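The values are calculated or read from the model by the stated rules, or taken from the named source; none is laboratory data. Predicted model only: the values in this text are computed from it and were never measured. When we count neighbours, we look across all protein chains shown, and the Cβ atoms used for this are built from the backbone with ideal geometry, even at glycine. Side chains included, ligands, DNA and RNA excluded: accessible areas come from the protein's heavy atoms. Shrake-Rupley method; radii C 1.70, N 1.55, O 1.52, S 1.80 Å.
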Amino acid sequence: MTRRPWLLLPLLLCLSGCPGEYPTYAPTPYSSPGTLSDLVQQSQSENSQLSQNLNTPLTLNFPVHLGVLFYQYDTVLQPEDQQTLMDTLEGDLVATPGLVRSMVVVPSTLVSSDSNLDDIRNLVSRFRVDTLLIVSGNDSFDRTGASAGLFGQFSNSGNYEARTDLTALGMDVLTGRFLAPINAADREGPQSLNPDDTSFNDSAYKLKKAAATKALTRVEQTLKQELQAVAQPNGTPSASATAPVTPVATPSPVPTPTPSASAS
């Protein structure tokens, strides 16, 4: 893929506080510190297609082949739980008619910290995806407040809370144009736990899993709204979002044989 110059930092001017629904689609500028804005900064250049990207309506070839890339985000989910969750989210997207044909998780190990958006677009195109969702964020698990319960002060028991904060950015792989940025944060807890208990690690993981699952589900639901807004900008399905109608060939009329003159 030919490397294209970028000046995409202004695209990160509203990552915090963008609305949950997006009725029209020219991507909105946004700004936020973090890995996604760092990624965009790495791709900036004096010669840019920023104005064109912002002012030209985004169009996608529906149903899309969606790729998901976790960029510098090590989820707390165990591999089997992450796979189960991604299968569930894919099933929900594919079940929406005319929206997503397939979904694949692009291995994050193929992307280095030095990769820019052009590098990523070139990579994911090899997975035969035309739309990419880049997900970044962090998970936390902390003790909150005072010791739990009347006798908490005499033990290590305390209230613990898990939290997952995600930012995501969808883009058309071919043109590099963006969907609106997605923010998703969720938590689970607080719950009284004792680090001295043998069940502490299992209980802590359940909290972390619940928070991450809810946050990733929020990302998927918002992405679905964004894709629907592109596919149906005026509330009616676009031509690209509907399955093509195969014309039925009209049979040619069969000529009626001309009766031969009867012998006189």
Quick check for you: with a 1.4 Å probe and neighbouring chains kept, what is the accessible area per residue of segment 93-145, in Å²?
48 Å²
Could you pull out every residue, at least 5 positions away or on a different chain, whose amide H is within less than 5 Å of the one on Val68? Hs are placed 1.01 Å off N in the peptide plane, and Pro or chain starts have none.
Val104, Val105, Val106, Leu133
D (µm²/s, integer) via Stokes-Einstein for segment 161-221, Kirkwood Rh across alpha-carbon pairs, 25 °C, 0.890 mPa s: value 185 µm²/s
Can you tell me the order of 132-141, 92-101 when each peptide is scored by its average per-residue count of other Cβ atoms within 10 angstrom, highest first?
132-141, 92-101
Using a 1.4 Å probe on the protein heavy atoms, what percent of the accessible area of segment 57-168 belongs to carbon and sulfur?
50 percent
Going residue by residue through segment 70-82, the Karplus relation 6.51 cos²θ - 1.76 cosθ + 1.60 with θ = phi - 60° gives ³J(HN,Hα) values, rounded to whole Hz and with x marking Gly or Pro, of 8, 9, 6, 9, 9, 5, 6, 5, 5, x, 5, 6, 5
Please compute, for the alpha-carbon atoms of segment 107-206, the extent along each of the three principal axes and give them in descending order in Å.
61, 26, 21
Using 7 Å Cα-to-Cβ label points, what is the Thr59/Lys206 separation (nm, one decimal)?
5.2 nm
